[in-house]
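Student: The structure is given below, and queries will be raised subsequently.
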Amino acid sequence: METLEKNDIKSQFLDLFSTEDISKNPVRYKALEHLMHIPAPTTKDEFWRYTRVNKLLKKNYQLPGYEVAEFDQSILKKLPLNNEESTLVFVNGVFAKDYSKIVNASIDLIPFSDALVEQKYQSFYNKLANNQKRFFDAVNTAFHNSGYILGVPTLSNEKVQIIQIITNDNLLLIPRNLILADTGAKITIKEFFINQSGVENALINQLSEIVLMPNSTCNYYKYQNLSNNALIDTTHILQNQDSAYNTHLASYNTAFIRNNTLVQSSGENTTTTVNGATLTKENEHIDQHIFIDHQQPNCYSNQLFRTIADDKSTAVFNGKVMVRQDAQKINAFQSNANILLSDFANIYAKPELEIYADDVKCSHGSSTGQLDEEALFYLRARGIKEKTAQKMLISAFLNDTIDNIEDDTYTAFISQEIEQLIQ
Amino acid sequence: MKLLEVKNLHAAIDGNEILKGINLTVNEGEVHAIMGPNGSGKSTLSAVLAGKDDYEITEGEVLFKGKNLFDLEPEERAAEGLFLAFQYPVEIPGVSNMNFLKTAVNEIREYKGLEPLSAKDFIKLIKEKAKLVELDPKFLQRAVNEGFSGGEKKRNEIFQMAVLDPKLAILDETDSGLDIDALRIVANGVNKLRRPDNATIVITHYQRLLDYIVPDIVHVLYNGKIVKTGDKNFAMELEEKGYDWIKESV
């Protein structure tokens, strides 16, 4: 194993981990070897042009312990949880058995373990993560210290809730998830990233690999509300024929978020919906990065992102659709609209289409502006206070993204939170 | 009682004077028509009264129920009972008509120091007023004006007027873009809302609407000033002769 130069920004970050443990597991060790050759991303990197991570990598972090930490349980009560759904709760990455439950024994829903992967999920594990090229993928593969495996058998329909609670300052949490929907199965996942009040400076680097077998469906709703902590969340999705992936990202009230939603459509007749609502305030920085790779014909994808940026915050949208030469009859749409509420906020929007097939229908639209003055005046002319009118327009704007969430309680919750956030 | 007193009102946009000394008094129980050729300042007058801040008031004053109108924000004017039916009603995606009206009704009640309406009373009010303008209640679940036809938008304006029950309603070119059936429905609605204690200003280019909403007083606005005032027959005369003779005689 090579050693790193001390002045490399990733050196301090990597010093946390004991390479001895890593070397026992060939997959982890291989990723670590890659990591030695991959520089941490900088703004010279096209995919990271508007998002700096060097400050995050320079901070001092602590790895999670082995015990379930005490936590303020009222934070669970605020979430729109359904008691009839299987639930995994993690506290600082440690599986909290007492708060978790499985309602259906025919599914696999378990904390991540290298052993289980070897027995049952070997042919799916680490096939989508790109450890050779992606820095945070390699970090995750080498050092993951939390996460879950979810396997849903053929033709079953399962709903699960995943809750990751942070209660330690400076925590370095690295969840690794593997999700497999077998032929004709349907999975709905609600994932909540939350922190105990006052906790700060944690860094989470999550990586999920999702494999959708033919005719299966995965709905993945991500709730990211982490106050003064940072989240880098990479989701690799492999879609086989006739499968559907629908995701919604609710990203707000968090110092730093970088989401990578990376879809490979490798079968015909797939459907992909990637929606998100971003709200940034103060000095927050939230970056939504989406890449949909259409490799096969007759598929549909749609991206709908709405962003509100206030104060000195920064929001980034970079949605890319690639249509390969053989992928004819693709319908791929992208809509991104952004509203700046302050003169000091920044929004970077970069919609991209890269098309090599000739018989496709693709569109992308992106706009950035202020709240619609005409609409604002119309509401005020009916007796609605300026502040209320602004709130109505902002929530209507963000709520545009939640229409296709198949969970009314969750939808209502997001909508309510958005309303509260725009006081 | 005097509802509205406009005294020597001058208003400009980007340094261009559009209103050049308007004088107008509207009493309770009256219907005024303001007519005039395109570009005479009709819509500017309604926008200035409703509180659109694109315009600069350079001279004069406006009293509404004795209060200085320009001291009030647009929402306060509305809460005091001023209503503008927009010439081009705005589409607001994501905000349902129901939520919009409920918020408006309750914010106005709050301004007046009243408790919010209960859900039951609100629905009752809405249903009753929807009938008045022959509106399908399904329409209430739709987003404000989104995808509405021209006629539906205008009907929605009058419906809002019915719900908010203003002291003074200003109808800005409400007849533009309406076919004859829609015009009849809209005018019927307005007539049913007439009371001895409220008033209406109908702004229009054509006399046609005034066959349905019969005015007490007709004004001609030309080049930023009211140049002639008469009774309802004056409107017919205008329709016959057109505006050119007015332009020549001023």
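Student: Considering (1) of a type in the set (S, T, N, Q); (2) free of Cβ contacts under 8 Å to residues at least 60 places away in the same chain; (3) in a strand (DSSP E or B), say which one A:Asn229 fails and leave the rest.
Tutor: (2)
Student: Just to confirm my filter: which strands (runs of 3 or more DSSP E) fall fully inside region B:38-114 and include at least 1 residues that are facing chain A (nearest Cβ under 8 Å) and open to solvent by less than 60 Å² (accessible area, probe 1.4 Å)?
Tutor: B:82-85, B:92-96
Student: Any idea how many residues of region B:3-37 are within 24 Å of B:Ala187 (Cα to Cα) and in a strand (DSSP E or B)?
Tutor: Residues that pass the stated criteria total 11.
Student: Among the residues of region B:155-195, which ones are out of contact with any Phe, Trp or Tyr (no Cβ under 6 Å at 6 or more places or on another chain), among the small types (Gly, Ala, Ser), open to solvent by less than 10 Å² (accessible area, probe 1.4 Å) and in contact (Cβ under 8 Å) with a residue 40 or more places away in the chain?
Tutor: Hit for region B:155-195 is B:Gly189, nothing else.
Student: Let me ask something else about it. Against the condition part of a loop (DSSP other than H, G, I, E, B) and more than 22 Å from the chain's Cα centre (by Cα), how does A:Lys10 come out, does it pass? Outline the logic, then answer.
Tutor: On the way: part of a loop (DSSP other than H, G, I, E, B): no; more than 22 Å from the chain's Cα centre (by Cα): yes.
No: the conditions fail for A:Lys10.
Student: Would you mind stating whether B:Glu28 is in contact (Cβ under 8 Å) with a residue 60 or more places away in the chain and touching an Asp or Glu at 6+ places or on another chain (Cβ under 7 Å)?
Tutor: Yes; evaluated as a whole, the condition is true for this residue.
Student: Exactly one condition in (1) out of contact with any Gly (no Cβ under 6 Å at 6 or more places or on another chain); (2) on the phi > 0 side of the Ramachandran plot is false for B:Gly177; which is it?
Tutor: Checking B:Gly177 against (1) out of contact with any Gly (no Cβ under 6 Å at 6 or more places or on another chain); (2) on the phi > 0 side of the Ramachandran plot, the one that fails is (1).
Student: Which one is least open to solvent (accessible area, probe 1.4 Å) among residues in region B:196-214 that are within 16 Å of B:Gly29 (Cβ to Cβ) and at pLDDT below 95? Give the steps one after another, and end with the answer.
Tutor: Step one: filter region B:196-214 for residues within 16 Å of B:Gly29 (Cβ to Cβ), giving B:196-202, B:213-214.
Checking the rest, the ones that are also at pLDDT below 95 come to B:213-214.
On the way: B:Ile213: 1, B:Val214: 60 Å².
Out of the qualifying residues, it is B:Ile213.
Student: Does region A:194-204 include one or more residues that are of a type in the set (A, V, I, L, M), surrounded by 23 or more Cβ atoms within 10 Å (Cβ to Cβ) and over 25 Å from A:Thr409 (Cα atoms)?
Tutor: yes
Student: Return the total of residues in region A:290-332 being under 18 Å from A:Thr368 (Cα atoms) and more than 17 Å from the chain's Cα centre (by Cα).
Tutor: Counting residues in region A:290-332 that are under 18 Å from A:Thr368 (Cα atoms) and more than 17 Å from the chain's Cα centre (by Cα) gives 7.
Student: Counting only residues that are hydrophobic (A, V, I, L, M, F, W, C), open to solvent by 70 Å² or more (accessible area, probe 1.4 Å) and part of a helix (DSSP H, G or I), how many does region B:218-250 have?
Tutor: 1
Student: Sticking with this one: Within region A:103-134, work out how many residues are surrounded by 17 or more Cβ atoms within 10 Å (Cβ to Cβ), out of contact with any Lys or Arg (no Cβ under 8 Å at 6 or more places or on another chain) and either closer than 22 Å to A:Pro64 by Cα or charged (D, E, K, R) (or both).
Tutor: 5
Student: Counting only residues that are polar (S, T, N, Q) and part of a strand (DSSP E or B), how many does region A:232-272 have?
Tutor: 14
Student: Can you tell me how many residues within region B:130-153 are open to solvent by less than 40 Å² (accessible area, probe 1.4 Å), in contact with a helix residue (DSSP H, G or I) (Cβ under 7 Å, 6 or more places away or on another chain) and within 14 Å of chain A (Cβ to nearest Cβ)?
Tutor: Total meeting the criteria: 3.
Student: Is one or more of the residues making up region A:18-29 of a type in the set (Lys, Arg) and either at pLDDT 95 or above or touching a helix residue (DSSP H, G or I) at 6+ places or on another chain (Cβ under 7 Å) (or both)?
Tutor: Yes, region A:18-29 contains at least one residue that is of a type in the set (Lys, Arg) and either at pLDDT 95 or above or touching a helix residue (DSSP H, G or I) at 6+ places or on another chain (Cβ under 7 Å) (or both).
Student: Related question: Is it the case that region A:180-190 has a residue that's closer than 22 Å to A:Ser265 by Cβ, in contact with a helix residue (DSSP H, G or I) (Cβ under 7 Å, 6 or more places away or on another chain) and either aromatic (Phe, Trp, Tyr) or open to solvent by less than 10 Å² (accessible area, probe 1.4 Å) (or both)?
Tutor: no
Student: Do you know which of the residues in region A:12-43 that are under 15 Å from A:Arg134 (Cα atoms) and among the hydroxyl-bearing types (Ser, Thr, Tyr) is most open to solvent (accessible area, probe 1.4 Å)? Give the steps one after another, and end with the answer.
Tutor: Initially, region A:12-43 is screened for residues under 15 Å from A:Arg134 (Cα atoms), giving A:28, A:30-43.
Add one more test, that the residue is among the hydroxyl-bearing types (Ser, Thr, Tyr), and what stays is A:42-43.
Working: A:Thr42: 69, A:Thr43: 42 Å².
My answer is A:Thr42.
The values are calculated or read from the model by the stated rules, or taken from the named source; none is laboratory data. Remember, it's a predicted structure, so these values are computed and weren't measured experimentally. Methodologically, a virtual Cβ is constructed for each residue, glycine included, from the backbone with ideal geometry; neighbour enumeration extends over all protein chains shown. The area values use the complete protein model at the heavy-atom level, side chains included, leaving out ligands, DNA and RNA. Shrake-Rupley method; radii C 1.70, N 1.55, O 1.52, S 1.80 Å.
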